Amino acid sequence: MVEQLRPGMEIEVIKRHPDGSSLIRYPGTVLEIDLAGDWFAIEAHWTTKRIDAHGLIFKIGDSLVEIFSATAWFNVFHLFAPDGSTRGWYANMTRPTELAVVNGMATVTWPDLYLDLIAPVGEAPKICDEDELVESGLQTQDPVLYDKIVSTMLEMT
């Protein structure tokens, strides 16, 4: 499916809650499609309020390079200030990204699966939102998915 993307192509990103319901939609632009394997990168812009995600500060006007895969259980976002300096990066645990291109319109969809690995510039990466994973009850409701989320995080750290 990645072969249907072209640099400069507009793309809509749909981030979902773990239950599949829509959390946020935003536009982006395809940057690269020739990354290793099935990875591709898009650029998006932060347009909502200032957010502090465990020390990684998002401000209006920031840009993100978001890297997705149709087979990996995580994605990675690099955050940049308007002057181009890096603010840091974070990785989301997620199911493999769904990519669709219909009539030249591209959409990437991914569910946020609780755990994040966050690294503000100058700091070591830290695992975040472990409490959300515990509170989800996933360990007993879907132990296979729970184990996949935890093992993916362990592979990344």
Next on the checklist: Out of the total accessible area of the chain (probe 1.4 Å, heavy atoms of protein only), what percent is carbon and sulfur?
Outcome noted: 55
Next on the checklist: Among DSSP bridges having both ends in the chain, what percentage is antiparallel? Round to the nearest 5.
Outcome noted: 90
Checklist entry - What GluC sites (Glu not before Pro) does the range 8-117 have in DSSP loop regions with at most 10 other beta carbons within 10 Å? => result none
Checklist entry - Rounded to whole Å and sorted largest first, what semi-axes of the equivalent ellipsoid does the C-alpha gyration tensor of the chain yield via the square root of 5 times each eigenvalue? => result 24, 20, 14
Item to check | Proximal lysines relative to residue 59, as straight alpha-carbon distance under 20 Å, when same-chain residues fewer than 8 apart are discounted | outcome: 15, 49
Checklist entry - Can you work out the base-10 log of I(q)/I(0) for the range 46-94 at q = 0.19, 0.20, 0.28 1/Å, using the Debye formula on its C-alpha atoms alone? => result -0.62, -0.68, -1.06
Item to check | Solvent-accessible area per residue for the range 1-83 (1.4 angstrom probe, square angstrom) | outcome: 53
Item to check | Computed [θ] at 222 nm, deg cm²/dmol, the chain (DSSP H ≥ 4; -39,500 (n - 2.57); rounded to nearest 500) | outcome: -4000 deg cm²/dmol
Checklist entry - To one decimal place, what orientation-averaged projected area in nm² is obtained for the convex hull of the Cα set of the range 1-69? => result 5.7
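The values are calculated or read from the model by the stated rules, or taken from the named source; none is laboratory data. A quick note: this is a predicted structure, and the numbers were derived from the prediction, not measured. A quick note on method: Cβ atoms are made from the backbone with ideal geometry, for glycine too, and the neighbour counts reach across all protein chains shown. SASA here: full protein model, heavy atoms, side chains in, ligands and nucleic acids out. Shrake-Rupley method; radii C 1.70, N 1.55, O 1.52, S 1.80 Å.
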